[in-house]
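Undergrad: Below is a structure I'd like to ask you about.
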Amino acid sequence: MSVPNTAKLKEQFDAGLETRADFTIDQPTHRYGAVDHAVWKQLYTRQTALLKGRVCDAFLEGVERLNLSPERVPSFEAINEQLMPATGWQIVAVPGLVPDQVFFEHLANRRFPVTWWMRRPDQLDYLQEPDCFHDLYGHVPLLINPVFADYMHAYGRAALAANDANALPLLARLYWYTVEFGLIRDEASPNGVKIYGAGIVSSKGETLYSLQSDAPNRIGFDLERVMQTQYRIDTFQKTYFMIDDFSQLFDVARTDFAPLLARLTHAAPFPAGVVLSTDTVITRGTGEGWETDGDI
Ligand SMILES: [Fe+2]
């Protein structure tokens, strides 16, 4: 969640788009061209077909209730008309990644920052920073689910209250292994697992890898274990954590984080691919293709 100095940001400042103190802007809908809408359509169509039977039902319900357009980059305003009455959340347009404290402040007030710009056609499969497709298609459908919405809110409040730089890695790992790369139990799926994390949902490659590859570990979710586990930002994950249902996240949301963070802050983290004797192992990964360094 650090802030990169990207060409997109520069372009935005050059275009004179006014950024407020909380890093939000008005969604510049006039700046979307035919290419942006075509990329949205291509990604939306591809992921929606791929996700059938692979993503949790709550996500599909969210897509339907938000009335997301398959054809065009959606209007944030139109999405908020569905979202706000349902769970009190709204989305706000931002230039890209925002500083941690600003991000937490938004979440703690039920605002989810969504990058306004779309990736280029040559970036369909991978880009390093979140764009509108990742932020919107990946994250927002679950914000209309009341239990998930409360979890995100509680996460923002806990992160804001932590106010301790040493606690940030612990909180970042929790976000990473749930909101971005979480798996959820679902007996209707061939291997008993579906996906809900936005980093998976918005990626063709990781949708297939996280569910079907023999390489990664799939381990039952445990709050302390997750907070102590390093992750990957440049490759698919070595380990995914599976929740039983969203009520497990609700329990996490009610945790008193202060003593937990204080206790875990100085503990050495676990490498991303490690399996512990205390883990509930769903599948132990073969580790094929793993990089030996680069866990963060
Ligand atoms: Fe994300």
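Undergrad: Can you compute the equivalent ellipsoid semi-axes for the stretch 7-283, i.e. the square root of 5 times each eigenvalue of the Cα gyration tensor, sorted largest first and rounded to whole Å?
TA: So the equivalent ellipsoid measures 29, 23, 18 Å along its semi-axes.
Undergrad: Quick one: which residues, 5+ away or cross-chain, put their amide H under 5 Å from the amide H of GLY197? H built at 1.01 Å from N.
TA: Residues meeting the amide H criterion: GLY182.
Undergrad: How much accessible surface does THR229 have with a 1.4 Å probe, in Å² rounded to 10?
TA: Roll a 1.4 Å probe over it and THR229 shows about 0 Å².
Undergrad: For helix 34-51, report the angle its Cα long axis makes with the longest principal axis of the Cα atoms of the chain; keep it between 0 and 90° and round to the nearest 10°.
TA: 30 degrees
Undergrad: At a 1.4 Å probe radius, carbon and sulfur cover how many percent of the accessible area of the stretch 7-283?
TA: The C+S portion of the solvent-accessible surface of the stretch 7-283 is 52 percent.
Undergrad: With a probe of 1.4 Å, find how much accessible area the stretch 7-283 has per residue, and write the answer as a whole number in Å².
TA: Ligands and nucleic acids excluded, the figure is 42 Å² per residue.
Undergrad: Here's something else I'd like to know. Across the chain, how many lysine pairs, 8 or more apart or on two chains, come within less than 28 Å at their alpha-carbon atoms?
TA: 12
Undergrad: Next question. For the stretch 282-296, take each phi angle, set θ = phi - 60°, evaluate the Karplus expression 6.51 cos²θ - 1.76 cosθ + 1.60, and give the result in whole Hz per residue in order, putting x for glycine and proline.
TA: For the stretch 282-296, the Karplus curve yields 8, 9, 8, x, 6, x, 4, x, 6, 6, 7, 10, x, 5, 10 Hz.
Undergrad: Additional query: Counting GluC sites (Glu not before Pro) as exposed when in a DSSP loop with at most 13 other beta carbons within 10 Å, what is the longest stretch of the chain free of them?
TA: Segment 72-186 is the longest.
Undergrad: If you line up the long axis of helix 57-66 against the longest principal axis of the chain, both from Cα atoms, how many degrees apart are they, to the nearest 10?
TA: For helix 57-66, the angle is close to 10 degrees.
Undergrad: Quick one: order LYS52, LYS194 from most to least accessible surface, probe 1.4 Å.
TA: Heavy-atom accessible area, descending, gives LYS52, LYS194.
Undergrad: Right, next: For the stretch 80-180, rounded, prolate or oblate, judged on the Cα gyration tensor with a ≥ b ≥ c (square roots of eigenvalues), a/c < 1.5 rounded, else prolate if a/b > b/c?
TA: It comes out oblate by the Cα gyration axes.
Undergrad: Same structure, new question: If you line up the Cα atoms of the stretch 85-126 on their principal axes, what length do they span on each, largest first, in Å?
TA: 35, 26, 14
The values are calculated or read from the model by the stated rules, or taken from the named source; none is laboratory data. These numbers were taken from a predicted model, which means no experiment stands behind them. FYI the Cβ positions are ideal-geometry reconstructions off the backbone, even for glycines, and counts take in every protein chain you see. For accessibility, only protein heavy atoms count, side chains too; no ligands or nucleic acids. Shrake-Rupley method; radii C 1.70, N 1.55, O 1.52, S 1.80 Å.
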